[in-house]
1. Could you tell me how many of the residues in region 8-51 are out of contact with any Lys or Arg (no Cβ under 9 Å at 6 or more places or on another chain) and either closer than 30 Å to L176 by Cβ or not assigned by TED's automatic domain parsing to the domain that holds Q262 (or both)?
2. For the subset of region 140-163 comprising residues that are in a helix (DSSP H, G or I) and of a type in the set (D, E), which member is modelled with the lowest pLDDT?
3. Taking helices (runs of 4 or more DSSP H) that do not extend beyond region 186-271, which have at least 3 residues that are touching a residue at least 40 places away in the same chain (Cβ under 8 Å) and among the small types (G, A, S)?
4. Determine whether region 69-90 contains at least one residue that is β-branched (V, I, T) and at pLDDT 75 or above.
5. Out of everything in region 16-46 that is over 23 Å from R123 (Cα atoms) and touching a Gly at 6+ places or on another chain (Cβ under 9 Å), what residue ends up being surrounded by the most Cβ atoms within 10 Å (Cβ to Cβ)?
6. Just need a number here: residues in region 1-14 that are of a type outside the set (G, A, S), assigned to a helix (DSSP H, G or I) and surrounded by fewer than 12 Cβ atoms within 10 Å (Cβ to Cβ).
Amino acid sequence: MSHPFKHPAAKSLLNRVAHLFQSDGTYVARDSNIVFVCGGPYKVVTTMRRRFMDYSEREIPNLRMFLAENAEKDYVTHEEPEFHNVAEFENLIGEVSDCVIIFPESAGSFAELGYFANIESVRKITLVVHDANLQSDDSFILRGPVDLFDRHSDFRKVIHVDYTDPNMNLIRDRLLKRIPGKQRKRFGNKLYKNLSFKEKFFIVFSLIEIFIYINVEGIEYAFKSIFKHASRNDINHIVSILVAARLIERHPREREHFQVLQHRPFMEFESHDPAAFRLQILAFYSEHDPQLAALAEGAAS
């Protein structure tokens, strides 16, 4: 079935969206900081990473936390077949993040510690939280990758806590001190080539929220209407990261379609009337894609 955005009637809808993103009244939201958290298995409630994620939800809700391996799993499972490079994927997650926290407590997190130490852009934003019970002058971790973070990271130095009874406030205070509070920032009229990966991330989330239910092809059409260009590979990466962050979800049956799970925007549109625009989108879907209309109406109800 042809995508509804190919229909000539979609032009005015897509032009309206393009105007939103190119308007002087479009801003990046203040609470758009993202923290990528590495450590032991999230499903194990006693790991430092799981305990910190639970703590941060209560104590530092203005910082958005996500888990990379969930994004990687989503990407591998659902992406259209093409070359998949895990190293490239994790590097892109580093580009989205304002900080990368590593709790060295599992084989995977030890590997990430060494891997991220060798990526300059990620090394600069990494905070290591080490188990004080394992502290030793001869520790490979402390003398190797942690030393690099302590010399080059904006979040240095390593925080030592007792993993059996951790003082989470030490981590919270470091994050709040080193991640600057944001003023609302004007997005501006941008060319595609000047967009950072993080800005594309914000745009993809906004497009999913605007269109209620949409798939990767629809996001690509919208991107092209705004910026005259789009990267399907970037979009696939971004939607998987958003799934991992529990900001969007796939429809339980129509797995290629996404809807927003948390209505907490990364971008703000002063000239946007979401209720009126939603009615226009639902009317368009009803006429040109009844199946998509049913999904969107269910989400809107």
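The values are calculated or read from the model by the stated rules, or taken from the named source; none is laboratory data. This structure is a prediction, so every number in the text was calculated from the model and none was measured. Neighbour counts are summed over all protein chains in view; Cβ atoms, including those assigned to glycine, are modelled from backbone coordinates with ideal geometry.
1. In the first step, residues of region 8-51 are kept if they are out of contact with any Lys or Arg (no Cβ under 9 Å at 6 or more places or on another chain); the result is 8-13, 15-20, 23, 36, 46-49, 51.
Subsequent filtering for residues that are either closer than 30 Å to L176 by Cβ or not assigned by TED's automatic domain parsing to the domain that holds Q262 (or both) retains 36, 46-49, 51.
So the count comes out to 6.
2. Within region 140-163, the first condition is being in a helix (DSSP H, G or I), and the residues that meet it are 140-143, 145-152.
From the residues that got through so far, the ones that are of a type in the set (D, E) too are 147, 150.
Values: D147: 83, D150: 87.
Ranking the candidates gives D147 first.
3. On the way: elements: 197-211, 216-227, 232-244.
Qualifying helices (runs of 4 or more DSSP H): 216-227.
4. So the first thing to find is which residues in region 69-90 are β-branched (V, I, T), and the list is 76-77, 86.
In the following step, the residues that additionally are at pLDDT 75 or above were identified as none.
Within region 69-90, not a single residue is β-branched (V, I, T) and at pLDDT 75 or above.
5. Ranking the candidates gives T26 first.
6. The initial filter retains those residues of region 1-14 that are of a type outside the set (G, A, S), namely 1, 3-8, 11, 13-14.
With assigned to a helix (DSSP H, G or I) added as a condition, the list becomes 4-6, 11, 13-14.
Filter once more, so that each one left must be surrounded by fewer than 12 Cβ atoms within 10 Å (Cβ to Cβ): 6, 11.
The qualifying residues number 2.
Results for (1) modelled with pLDDT under 90; (2) assigned to a strand (DSSP E or B); (3) small (G, A, S); (4) over 21 Å from L207 (Cβ atoms), shown as yes or no for each residue.
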| position | (1), (2), (3), (4) |
| --- | --- |
| H19 | no, no, no, no |
| V35 | no, yes, no, yes |
| Y42 | yes, no, no, yes |
| R50 | no, no, no, yes |
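Conditions (1) at pLDDT 90 or above; (2) under 21 Å from the mean Cα position of the chain (by Cα); (3) closer than 20 Å to A18 by Cα, marked per residue:
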site	(1), (2), (3)
I203	yes, yes, yes
E209	yes, yes, yes
F227	yes, yes, yes
I248	no, yes, no
D273	no, no, yes
Q280	yes, no, yes
L295	no, no, no
